[in-house]
Amino acid sequence: MQELESLKDRISSPHKIVITTHHKPDADALGSSLGMANYLKKKGHEVTVVTPSDYPYFLQWMKGNEEVLNFEDPNQRAKAVEKVLAADTIFCMDFSCLKRVHDLSSFITKSKAFIVNIDHHQDPKDFADFQYLSTKAAATCELVYELIVKLGDKSLIDKDIADCLYAGIMTDTGGFRHPNTTKNVHLITAELIELGADNTRISRLIYDTNSVNRLKFIGFAITRRLTILEDLQTAYFSISKKDLRKYSSQTGDTEGLVNYALSLDGIKIAALFTEREDGIKISFRSTEDITVNKFAAEFFDGGGHKNAAGGKSSLSLKETTEKFEKLIKENQKTLFNKLELIHEKN
């Protein structure tokens with residue numbers, strides 16, 4: 001409570017604030033950032049949201065989107081750096097370690113700003129002056145709502161803020177389907193709806209807004225790029241750079257694809273391997289009794305949540321999927337029976 005009072009005192013008088021989040025922001029990352037930004041603007045602060053990269057088009061309806069600075073955009077980079085270095089306070093939203101913001105991290109480190117970290121991921125690193133963390137929270141947006149309420153400012157949450165926060169909670173719970181959909185999640189989303197969040201519109205904008213190319217890409221991926229390993233209760237997609245170019249893929253077009261693999265009857269582990277310019281990006285998903293974040297951390301320099309994690313690989317796409325199949329086969333007993341990964345290093 002004493003630390004909370006110190007944060008309350010800090011934001012009681014207007015100053016320069018930068019809010020940032022992880023590379024390739026999802027709805028929880030952007031929703032928590034813009035939700036917090038809109039709240040702090042109401043308190044009179046000069047607020048700038050700086051993202052380490054671009055983000056999906058189906059999130060660009062959020063209030064304040066038009067003012068976001070994309071660090072990777074050559075036309076916005078200089079201004080983004082200027083804002084970070086001049087900030088009095090920097091809010092780091094929805095990530096547990098600075099490497100998640102990629103090249104932007106060096107400028108955050110150089111800044112003399114007071115650092116606030118709000119996050120719900122596993123294994124948080126101690127890089128902030130003030131932390132508001134809970135691995136039990138379904139989404140960072142859930143924590144943002146709780147924090148605003150604890151700061152005594154629930155009355156400042158309007159429809160725009162409620163929309164941003166609802167979007168992050170909705171998506172990080174898989175549309176309220178994942179095991180992290182707790183009683184607290186339902187209570188908070190009910191409060192957000194009462195405060196103006198348009199749950200029907202938000203769901204349509206995020207889940208039911210597709211380009212023709214994206215729909216064609218999903219169809220192609222399911223029919224041509226899905227591998228099913230029935231004996232290992234595993235399925236995965238392998239998407240090459242050529243595949244992405246063929247369908248003029250945009251940021252966000254692969255979002256949710258891995259869930260199609262997990263939806264197959266009998267499948268307990270699903271993965272998506274996407275070939276990018278800087279290596280292979282990996283998304284892991286699992287049913288509630290399988291822990292994939294340990295698997296991601298052990299073998300693919302990743303991490304995340306119990307049933308939803310990410311990783312990366314510097315190998316080729318073919319070598320990466322072969323490595324994945326081999327590891328699943330070698331660790332099948334511990335993954336499926338003991339519910340935790342025990343890796344015997346050679």
The value for the range 194-346 (convex hull of the alpha-carbon atoms, volume per residue, Å³) is 141
Taking only C-alpha positions in the range 255-327, Rg and Dmax in angstrom work out to 11.5, 34
Of 203-209, 322-328, ordering from highest average Cβ density within 10 Å down gives 322-328, 203-209
Whole-number value, in Å³ per residue, for the convex hull of the alpha carbons of the range 2-207 is 108
Highest mean packing first, using Cβ neighbours within 10 angstrom, the peptides 190-202, 308-320 sort as 308-320, 190-202
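Take the solvent-accessible surface of the protein heavy atoms, probe 1.4 Å, and return the percent of it on the chain that carbon and sulfur atoms account for. Display every interim value, and only then the final one.
Working: 7690 of 16480 Å².
Of all accessible area on the chain, carbon and sulfur atoms account for 47 percent.
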Cross-link reach from Lys246 to lysines, straight Cα distance under 17 Å and at least 8 residues apart if same chain, gives Lys216
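Averaged per residue, what accessible surface does the range 212-345 expose to a 1.4 Å probe, in Å²?
On the way: 7050 Å² over 134 residues.
With the other protein chains kept in place, the range 212-345 gives 53 Å² per residue.
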Kirkwood Rh over alpha-carbon pairs of the chain plugged into Stokes-Einstein at 20 °C, 1.002 mPa s gives a D in µm²/s of 103
All alpha-carbon distances of the range 106-265, grouped into 5 Å bins from 0, give the whole-percent distribution 2, 7, 14, 14, 14, 15, 14, 12, 7, 3, 0
Of 45-53, 131-139, 26-34, ordering from highest average Cβ density within 10 Å down gives 26-34, 45-53, 131-139
The long-range amide H neighbours of Ile19, using H built 1.01 Å from N in the peptide plane and a cut-off of under 5 Å, are Thr48, Val49, Val50, Phe91
Note, the range 20-33: 3J(HN,Hα) by Karplus (6.51, -1.76, 1.60, θ = phi - 60°), whole Hz, Gly/Pro = x, goes 9, 8, 6, 4, 6, x, 9, 5, 5, 5, 6, x, 5, 5
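The values are calculated or read from the model by the stated rules, or taken from the named source; none is laboratory data. The model shown is predicted, which means the values in this text are computed figures rather than measured ones. A quick note on method: Cβ atoms are made from the backbone with ideal geometry, for glycine too, and the neighbour counts reach across all protein chains shown. Areas reflect the complete protein model, heavy atoms only, side chains present, ligands, DNA and RNA absent. Shrake-Rupley method; radii C 1.70, N 1.55, O 1.52, S 1.80 Å.
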